[in-house]
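Report on the following structure.
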Amino acid sequence: MRGHLLSALLLLGAADGAEGDTPQLLPPWVVTETRIQPDAGDVRASALVAPEAWEGRAIVTLADAFREIPGAIMQESFGGFEPPRLSIRGSGVQSAPTSRGLALRLDDLPLGLADGSFNSALVDPLLATRVEVQRGLDGWRTAPHTMGGALELRGDRPEIRREALQIEAGSFGAFRARAVQARRNGATAGRAALSFARQDGFRSHSEQERTAALASFGRHLAEPTSVRMGVYHARARYAVPGPLTLAAARSQPRLVSTDVERDQPRRVSTLSRLGLSLDHATETREFDLGLSIARTADEFMQLRSNGASRSRSDDASLHGAFAQRFTVAGIWQQLRLTANATRGWRELQRFRNEAGVIGAAFGSDGLYPTTATLQFEDAIAITPRVVATFGVAQVAARRHVVDRMPGGTGTRISSRHTLPQLSAQWHVSPEAALFVAVTRSAEPPTFDDLVSVAGAYPMLQRHTQRLVAQDATTWEIGARGRVASLAWDVGVYQAGWRNEILRLADARGAARGSVNGTPTTHRGLETAARWTLVEGSSRVWLRVAAAWNDIRFNSDPVYGRGRLAGLPPHLGNADVQFESRRGLFGAIGADWTFGDTRVDHAGRLSYPGRTLVHGRFGWRPAPEWTCFIDVRNIFDRTSIASTAGVLDVARNPPATAIFLPAAGRNFSIGLEWKQ
């Protein structure tokens, strides 16, 4: 058993389907192990989260679901499922309210739009059989065309979690419910999961409601071959309470501005996606082929300085991968070839916001993105304990904008990149490993970067800017392992970015569009540890995850070597958890940010760090039943969750309304049943 404990913390990149793999669970990390040699595996710099890691607790926000993963930074917005500022290693921190910088995927195929943007409010990770947070080398393997890696949901194991039901109620009118049903009949298996969430919200004008469903069906045609079908549908509706000045956010965090009361900002989005796949796997060879089609619809009423928009998109994606394992001159190797292509057809209209009502149109665009990647990778077991990999990816992208307004013209942007990677992993013992990797990634702009709103109300205009793709070379080194009762995960990275896409807002929160910045450097330290303090009739353990980030301009003519805005220099969370054989369990802990978070790149406006204390307590009267109470922000501290965007220069800091206050003390009670 000790020889497998490392797999609870190491994510093994050759997860290419050796038969008989057994998941090992060490919340919140899970891994399925594939052996390359008796003592060596391919280390992956990411984390897998199983639904068991979310049991006995309230998952109110996306940040609640992933806060224990080192390197996954999710700064909350208005609470609930409303999109947070989502970032890995500084990628995506500039994007709001629509996210980019990560690849959002479901079963190896995109879940967002074909240009790389997505609305995370449409995603309920708790419906999946597991979730993979991929960064570094693992992010390159999954999505070399994004800079931050990937957030991948898995619904392709329908036999997992046969039946489950969870109901929660909480502060601010919150109600959440989730149900899972799975069945197997011989070679056929099916799984359906449904969730519903609603709340009135901590602030005025922040009510929200979401329904999401994920269904999967699989059948083994023969022992090494299977087919799968998956359907995902979500509808999210939420009001937007908008930002406040720093003084107002601290003194009256529940308020909304007069602009919000007048313009009634809100958003309604739907996503429907169908995926089909064919897999063939033996001990020496694997092949998989997938196809997905998706339709999204979105109506977004923003403040009148940004106007309103309506869009509809159809997107299609193809995925294919082939892997061959063999031994030459006593050296084990694995060759892998992967190809992906996405194509989208999107219609976007822009209107004035006339006091909460759709007004006159001022923009209409046809948006046609295409992105294709081709990757080759070779993994070689140099010794039974050392594995080296090298690979190369070719990424080609095109963004075509057609202005449909009278007299409008089209804009076409294309890019092509060759992206290599090289890595090595050394298993110094059955329970500890070191890894080092260098990867190159590139990311083309999204349409939210290319097409923006310009001018002052009521003379709003649609504006197009030409941008080039951003790219970076990242070095990373890390160690993962376990000694006795202590497990750890430590990684250090440094990345040199070119042409970083900076999305800016003015002092009133209105979008100013995106620009390619001067060279920047992203560096950081990602850590996580779990220490079992007591093991016996009762179990007590300490868990901590923290990240330090230093993201700076190299030598900008305006900002010098200053920090980029939007990301706190240090953030983390920790808790002490316990379980007893009588079914009692609980935890007390905190999450924190240290240091000032800049709001503008010039460093004229920032907000301080904070520490929020949380606790939960529960009881399992029987293996099938769990009841709990979860309290967030126990001491009801007032703090800033994040901002509505980033500025170039805060010209009038006291009057700058860009801050989003965090929710006050809130309670959740829940009841779970599973078998």
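The values are calculated or read from the model by the stated rules, or taken from the named source; none is laboratory data. Just so we're clear, the structure is a prediction, and the values are computed from it rather than from any experiment. Cβ: placed from backbone, ideal geometry, glycine included. Neighbour counts: every protein chain shown. The accessibility values were calculated without ligands, DNA or RNA, using every heavy atom of the protein model including side chains. Shrake-Rupley method; radii C 1.70, N 1.55, O 1.52, S 1.80 Å.
Table for the structure above
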| item | result |
| --- | --- |
| Residues (open to solvent by less than 40 Å² (accessible area, probe 1.4 Å) and among the charged types (D, E, K, R)) located in segment 324-373 | R325, R346, R350, D365 |
| Tally of residues being charged (D, E, K, R) and either farther than 27 Å from R176 by Cβ or crowded, with 21+ Cβ neighbours inside 10 Å (or both) across segment 631-669 | 3 |
| Pairs with Cβ under 7 Å, 6+ apart, first in segment 414-425 and within 24 Å of P369 (Cα to Cα), second in a strand (DSSP E or B) and open to solvent by 80 Å² or more (accessible area, probe 1.4 Å) | S414/R398 |
| Matching residues, segment 576-588, being within 13 Å of R632 (Cα to Cα) and either in contact with a Cys (Cβ under 8 Å, 6 or more places away or on another chain) or buried (at least 19 other Cβ atoms within 10 Å of the Cβ) (or both) | A587 |
| Residues (of a type outside the set (K, R), more than 30 Å from P253 (Cβ to Cβ), part of a strand (DSSP E or B) and open to solvent by 20 Å² or more (accessible area, probe 1.4 Å)) located in segment 163-189 | E163, L165, A179, Q181, N185, T188 |
| Segment 190-202, residues that are buried (at least 17 other Cβ atoms within 10 Å of the Cβ) and part of a strand (DSSP E or B) | G190, R191, A192, A193, L194, S195, A197, R198, Q199 |
| Verdict on S305 being in a strand (DSSP E or B), touching a residue at least 24 places away in the same chain (Cβ under 8 Å) and within 30 Å of E354 (Cβ to Cβ) | no |
| Residue in segment 369-384 that is touching a Gly at 6+ places or on another chain (Cβ under 6 Å) and under 23 Å from S311 (Cβ atoms) present | yes |
| Qualifying positions in segment 374-389 - surrounded by fewer than 19 Cβ atoms within 10 Å (Cβ to Cβ) and at pLDDT 95 or above | L374, F376 |
| Those strands (runs of 3 or more DSSP E) lying entirely in segment 579-647 with at least 3 residues more than 23 Å from R250 (Cα to Cα) and in contact with a strand residue (DSSP E or B) (Cβ under 8 Å, 6 or more places away or on another chain) | 584-594, 610-622, 625-632 |
| Conditions (1) modelled with pLDDT under 95; (2) crowded, with 21+ Cβ neighbours inside 10 Å; number of the one not met by D315 | (1) |
| Residue match in segment 234-249 (condition: more than 16 Å from S77 (Cα to Cα), over 21 Å from the mean Cα position of the chain (by Cα) and free of Cβ contacts under 8 Å to residues at least 60 places away in the same chain) | no |
| Any hit, segment 508-528, residues being over 21 Å from H601 (Cβ atoms), open to solvent by 10 Å² or more (accessible area, probe 1.4 Å), at pLDDT 90 or above and in contact with a Phe, Trp or Tyr (Cβ under 6 Å, 6 or more places away or on another chain) | yes |
| Segment 597-608 residues that are more than 10 Å from A650 (Cα to Cα), paired with ones that are open to solvent by 10 Å² or more (accessible area, probe 1.4 Å) and in a loop (DSSP other than H, G, I, E, B) (beta carbon under 6 Å, 6 or more apart) | P608/D596 |
| Subset of segment 438-468 [surrounded by fewer than 22 Cβ atoms within 10 Å (Cβ to Cβ) and hydrophobic (A, V, I, L, M, F, W, C)] | V438, V453, A454, A456, M459, L467, V468 |
| Single match in A565, A590 (criterion: of a type in the set (A, V, I, L, M, F, W, C) and within 26 Å of I501 (Cα to Cα)) | A565 |
| Number of positions in segment 236-253 that are surrounded by 15 or more Cβ atoms within 10 Å (Cβ to Cβ), of a type outside the set (V, I, T) and outside any helix (DSSP H, G or I) | 9 |
| Selected residue (only one of H205, H233 is of a type outside the set (F, W, Y), part of a loop (DSSP other than H, G, I, E, B) and open to solvent by 30 Å² or more (accessible area, probe 1.4 Å)) | H205 |
| Total residues in segment 549-570, condition part of a strand (DSSP E or B) and open to solvent by less than 30 Å² (accessible area, probe 1.4 Å) | 6 |
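Quick grid of which residues meet (1) touching a helix residue (DSSP H, G or I) at 6+ places or on another chain (Cβ under 9 Å); (2) farther than 17 Å from R105 by Cβ:
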| residue | (1), (2) |
| --- | --- |
| L291 | no, no |
| D298 | no, yes |
| S305 | yes, yes |
| Q324 | no, yes |
| F351 | no, yes |
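Yes or no, residue by residue, for (1) basic (K, R); (2) modelled with pLDDT of 85 or more; (3) open to solvent by less than 10 Å² (accessible area, probe 1.4 Å):
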position	(1), (2), (3)
S77	no, no, no
F81	no, no, no
D107	no, yes, no
L113	no, yes, no
L126	no, yes, no
R130	yes, no, no
W140	no, yes, yes
